[in-house]
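Presented below is the structure to which this report refers.
Nothing in this text is a laboratory measurement; each read-out follows from the coordinates by a stated rule. Because the structure is a prediction, the values reported are computed rather than measured.
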Amino acid sequence: MTVKLRKRKLANGNESLYLDIYQSGKRAYEFLGLYLTKDKTASKGTLELAKAIQAKRLVEIQNSEYGFVPHFKKKANFVDYFERLVQGKPKDESPWNSTLKHLQDFTSARIQFSAVTDDWLETFKTYLVTKVSQNTAHSYFSKIKGALRQAVKEKIILSNPGDLVSHIKTQDTERTFLKLAEIERLAQTPCRNHEVKRAFLLSCFTGLRLADIRALQWQ
C-alpha cells in the first residue's frame, strides 16, 4: 500500500499535484486542485499542504483496512466512478452508456458516495420509470446496483445501499418476428449501404445480436 505525491505538467507551464494511491493491487488517483507555479514562495506552501494531505490519506487508508472507510472515499463522486466503469465496458454496451446519461441528468453529474442511500435510490427508481419503459428502467437500475456492489469490493463503501432497495419489476412483452416473405422483400429492396443490408440479413438468418454482428471480422 502506497500513497505517492506526483506532479503533472500543464500547458501553461504550471504543475498539477495529485496522489497516486495503490492499495490491494488496485491504483487510484486523487487530483488535489493544487498547482505549483513560478512563484517559488507560494509553491513552497502549496507543496507543504499537498504533503500534509498525502500523510492524511495514508492514515485514512490504513484505517480502512480495519473496517473504516476513508473520508475522501465517502466524498468521491459516484457519477465519476460509474463513468469509469462504463469506460471499461465494450463500446456497444448501450445500456451502461444510457444509464450514465440518466445518472448525469438526475444528479447534474455529481453526487457523493455518502449521499447514495436507499432513500436516494428509491427516488432515482421513480425518476427512471417516468423517463423510460419499465423494462428499460429495470435494466438501468440493475446497472446502478451493480456499480455499488463493485464499489463495496473496492472498499469505497462498506455496504451496498442497493441491497435495501427492491428491483424494478419487469413486464411481459410480446416479441414480433419477421416472416420469411418479409425478409425476402427486404433482400430485394435497394439499400444505399450494401454492408448494412448484408449485416441485417445475416442477423436475420443467424440470430446474432447487433453487438455480435459489429464484432465480426471478415476472416
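The value for the range 93-219 of Rg(Cα) / (2.2 N^0.38 Å) is 1.44.
How far, in nm, would the chain grow between R27 and V132 when pulled straight, counting 0.36 nm per residue and subtracting the alpha carbon separation? Contour length minus Cα-Cα distance gives 34.2 nm.
When a/c reaches 1.5 or more, the comparison of a/b and b/c decides; with that in mind, is the chain rounded, prolate or oblate per its Cα gyration tensor? Walk me through the intermediate numbers first.
Values: a/c = 2.98, a/b = 1.86, b/c = 1.61.
Because a/c hits 1.5 or more and a/b exceeds b/c, the chain counts as prolate.
The angle between the Cα long axis of helix 78-87 and the main principal axis of the chain comes to about 50°, on a 0 to 90 degree scale. The angle between the Cα long axis of helix 94-107 and the longest principal axis of the Cα atoms of the chain comes to about 50 degrees, rounded to the nearest 10. The stretch between L49 and T173 holds 38.8 nm of extra length on full extension. This uses 0.36 nm per residue minus the Cα-Cα distance. Note on the range 84-219: Lys pairs 8 or more places apart or on different chains, Cα atoms under 20 Å apart, count 23.
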